[in-house]
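Here the structure is laid out as structure tokens; the discussion comes afterwards.
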Amino acid sequence: MISMESPRFYPGSVTFTALATIRRERRLPLPGKVRVRRGETVEATTVLATAEQPMGVVIVDLARPLRVPPERALAYLRRKPGTSVRAQEVLAARRTLLGLRTLRVRSPVDGEVVAAGGGRVMIRTGARTLEVRAGFPGVVVEVIPQYGAILEATGALIQAFWSSGSDFSGVLRVVTSGAEPLRARVLDPMVQGTIVVGGGWIEPSALEQAERLQVRGMIAGSMEASLLPRLRELSFPVILTEGFGRLPMHPGIFRIFSLYQGREAFILHPPADPDGTPGRPEIVIPVPTENPPPPEPTGEVVLQPGLHVRLLREPHRGRTGTVLRVLPDPQVLESGLRVWCAEIRLDGEERPVRVPVYNVEVLRS
């Protein structure tokens, strides 16, 4: 008899930890010049690497105006690849009629000659400087030649669900006592210039009050998707740890924010995965320590008994629980689909539920 092993499942995961050694790669999208050295201590605003990104190219035909075959046109080129050129400067010239007449080709733009061939010249027209900053204070532990560096710091790390803005930082100020909604009445003038944190979901009045008080940012468990258009009018970004709807912040994440209230937090937006999936926004709270803590959890996790997970779809969306077992055979759902499932005991309940394995994510703390 042939023994058939149950398949192994690798669900997505989200990390939140109060203290760990955090390493992050910060790199340019194209080659450039690295500005830091290994072992160097950097601040969040330190520029790690820069590069020049071309804004556009112009193709200039040489053969036709010089009245020669394409293979002969380059013999008359005056500005070789790698040299700069000004608008109306002569790119190529050819004398005709026993030297009595000169045919000229002028550059239509300022730029740099980057290639020539086939009777044509390519001119790069201007560029903009790209730079990658550290994003959080740390130490350069490795230089990535031409692209950037890997930074290391100790502190708290929280991977959130969604963010409306780019990288930023600010001092944390927790304004709710637990998973209560974030309303206008909990925001007073003391929150000005801080990142306000609420353990529940965001009420519309809180957004208006936060704008009046000029906060740096807002972090909450969730928010109704209907509020998305309002965010475009705000001067501060919003970060959600759980998702859209009315989902409370995970108690473990809320405890971390409460523990480090008054400290500066740095919000990072990792680049998208190779398949185009955007990276999770990350909240880094640096905490210096003499004894380096263990590294943050990384790598894929096999779905197995004992793992703490969060459910991603209704009817239990946002609920957390513990995996009791991965069922040995596919199960038939009410919809008629036959899928692999896990048996999970939801927090605060005794009776387990059966959930498709693709409906869970692992919580790593």
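The values are calculated or read from the model by the stated rules, or taken from the named source; none is laboratory data. Bear in mind the structure is a predicted one, so any value in this text is a computation, not a measurement. Ideal geometry is used to build each Cβ from the backbone, glycine not excepted, and the neighbour counts take in all protein chains shown. Side chains included, ligands, DNA and RNA excluded: accessible areas come from the protein's heavy atoms. Shrake-Rupley method; radii C 1.70, N 1.55, O 1.52, S 1.80 Å.
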Ordering of 156-162, 105-111, 184-190 by burial proxy (mean other Cβ atoms within 10 Å per residue, highest first): 156-162, 105-111, 184-190
Accessible heavy-atom area order of Val57, Val357, highest first, probe of 1.4 Å: Val57, Val357
Where only C-alpha atoms are counted, convex hull volume of the chain per residue in Å³: 247 Å³
Förster radius 35 Å - calculated FRET efficiency between Ser258 and Leu337, Cβ distance, rounded to 0.05: 0.25
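Once you charge only the Cβ atoms, +1 for Lys and Arg and -1 for Asp and Glu, what is the size of the charge dipole of segment 160-310 about its Cα centre, to the nearest 20 debye?
With Lys and Arg at +1 and Asp and Glu at -1, about 440 debye.
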Most to least accessible of Glu152, Glu71, Glu334 (protein chains only, probe 1.4 Å): Glu334, Glu71, Glu152
Gaussian network model of the chain, springs between alpha carbon atoms under 10 Å - residue of Leu346, Leu182, Leu151 with greatest fluctuation: Leu346
Dipole magnitude (debye, nearest 20) for the chain, charges at Cβ of Lys, Arg, Asp, Glu: 2280 debye
Linear extension gain, Glu25 paired with Glu142, 0.36 nm per residue minus alpha-carbon span: 41.2 nm
Dipole of segment 164-309, positive direction: furthest Cα of Pro281, Pro305, Leu259, with charges on the beta-carbon: Leu259
Amide H contacts under 5 Å for Arg106, placed H, 5+ residues apart: Leu91
